[in-house]
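Asker: Before anything else, here's the structure in question.
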Amino acid sequence: MRRIITSCIVIVMCLVAMYFFTIHDRKAAYQAAEETITAESTTAILETTEEPTGEESTAAETTTRVDKTKVSTTKKTLSRTEYAAEVIRLVNAERGKRGLSSLKNSSVAEQAASIRAKEISGKFSHTRPNGKKFHTVITDMGYRSKYRGENLARGQASPQQVVDDWMDSTGHRENILDADFTHIGVACYYIDDGSYYNYWVQIFTSGAFKN
């Protein structure tokens with residue numbers, strides 16, 4: 001009888017131990033899931049799209065998540081216009097290292113980038129707030145271009161930082177180093193919303209022509 005009671009006690013203890021181990025494992029899994037969700041929700045997103053035009057045009061899109069902290073609100077040494085000019089200088093420096101021709105600053109692409117920078121401060125996407133693709137910003141201005149591309153970023157504090165991030169991302173780097181592009185327009189839109197502050201846009205074209 002004592003053996004039976006002892007055996008029952010051992011079985012009960014084993015079941016209790018298994019129960020607590022299971023609860024512990026589930027709790028650890030939930031904690032890991034929460035940490036993953038938190039990490040993804042605090043990242044800034046870089047996106048790039050290049051879309052050849054024509055009747056059989058196709059679109060390719062690459063999205064990369066990069067950890068970013070909020071931009072410091074310390075006094076800035078460059079204006080937004082100077083930020084854009086510095087981005088172009090850094091881009092052409094990267095192209096020059098690889099024997100590629102420099103991109104020319106396009107007033108059309110620059111205006112398009114300025115429009116898009118304000119748009120992505122509300123909706124960070126290559127799809128515009130009106131539901132159209134990014135390149136329609138050019139056609140809406142009355143221009144066309146055979147080959148177009150767009151790089152987006154938010155949260156970077158300086159031209160050097162945003163270009164470094166783009167160069168570290170395959171899709172963005174491909175746009176920057178694409179030999180088919182001849183012109184570029186850059187905009188940096190600042191909004192003191194307590195989250196990302198700087199919204200960056202690069203618009204690449206193979207030239208812009210009046211419709």
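Asker: If you roll a 1.4 Å probe over the heavy atoms of the protein chains, what accessible area per residue do you get for segment 112-211, in Å²?
Answerer: Per residue, segment 112-211 has an accessible area of 38 Å².
Asker: For segment 131-211, what relative contact order do you get, as a whole percent, if you take Cα pairs closer than 8 Å and at least 6 residues apart?
Answerer: Result for segment 131-211 is 43 percent.
Asker: Got a number for carbon plus sulfur as a percent of segment 102-170's accessible area, 1.4 Å probe?
Answerer: The C+S portion of the solvent-accessible surface of segment 102-170 is 45 percent.
Asker: Okay, next question. Put +1 on the Cβ of each Lys and Arg and -1 on the Cβ of each Asp and Glu in segment 103-211; which of Thr136, Phe124, Trp166 then has its Cα farthest toward the positive end of the dipole?
Answerer: Farthest towards the positive pole: Thr136.
Asker: Accessible area, 1.4 Å probe, largest first: how do Arg128, Arg144 sort?
Answerer: Result of the area sort, largest leading: Arg144, Arg128.
Asker: Here is a follow-up. Quick check: with the 1.4 Å probe, what order do Asp168, Asp180 take by accessible area, largest first? Show your work: numbers first, answer last.
Answerer: Numbers: Asp168 125, Asp180 95 Å².
In descending accessible area the options line up as Asp168, Asp180.
Asker: Please calculate the 1.4 Å probe accessible area of Ser101, with all protein chains present, and give it to the nearest 10 Å².
Answerer: 80 Å²
Asker: Any chance you could look up the accessible area of Ser195 with a 1.4 Å probe, heavy atoms only, rounded to 10 Å²?
Answerer: 40 Å²
Asker: If you put +1 on each Lys and Arg Cβ and -1 on each Asp and Glu Cβ, how big is the dipole of segment 107-211 around its Cα centre, in Debye rounded to 20?
Answerer: Working: 12 positive and 12 negative charges, 115 e Å.
That gives segment 107-211 a dipole magnitude of about 560 debye.
Asker: So, taking all protein chains as they sit and a 1.4 Å probe, how much accessible area belongs to Lys210, in Å² rounded to tens?
Answerer: Counting only protein heavy atoms, Lys210 exposes about 130 Å² to solvent.
Asker: Shifting gears a bit: How large is the charge dipole for segment 152-211, taken about the Cα centre, if only the Cβ atoms of Lys, Arg (+1) and Asp, Glu (-1) carry charge, to the nearest 20 debye?
Answerer: The dipole magnitude comes to about 220 debye.
Asker: Could I ask something else about it? Put Asp164, Asp140, Asp178 in order of accessible area, largest first, 1.4 Å probe: what do you get?
Answerer: In descending accessible area the options line up as Asp140, Asp164, Asp178.
Asker: Using label points projected 7 Å from each Cα along Cα→Cβ, tell me how many nm separate Ser195 and Arg80, to one decimal.
Answerer: Here the modelled spin labels are 1.8 nm apart.
Asker: What distance in nm separates the simple spin-label points at Ala93 and Thr139, each placed 7 Å from Cα in the Cβ direction?
Answerer: Result: 3.7 nm between the two label points.
The values are calculated or read from the model by the stated rules, or taken from the named source; none is laboratory data. Predicted, not measured: the structure shown is a model, and the values here were computed from it. Ideal geometry is used to build each Cβ from the backbone, glycine not excepted, and the neighbour counts take in all protein chains shown. Just so you know, the surface numbers come from the protein's heavy atoms only, side chains and all, with ligands and any DNA or RNA stripped out. Shrake-Rupley method; radii C 1.70, N 1.55, O 1.52, S 1.80 Å.
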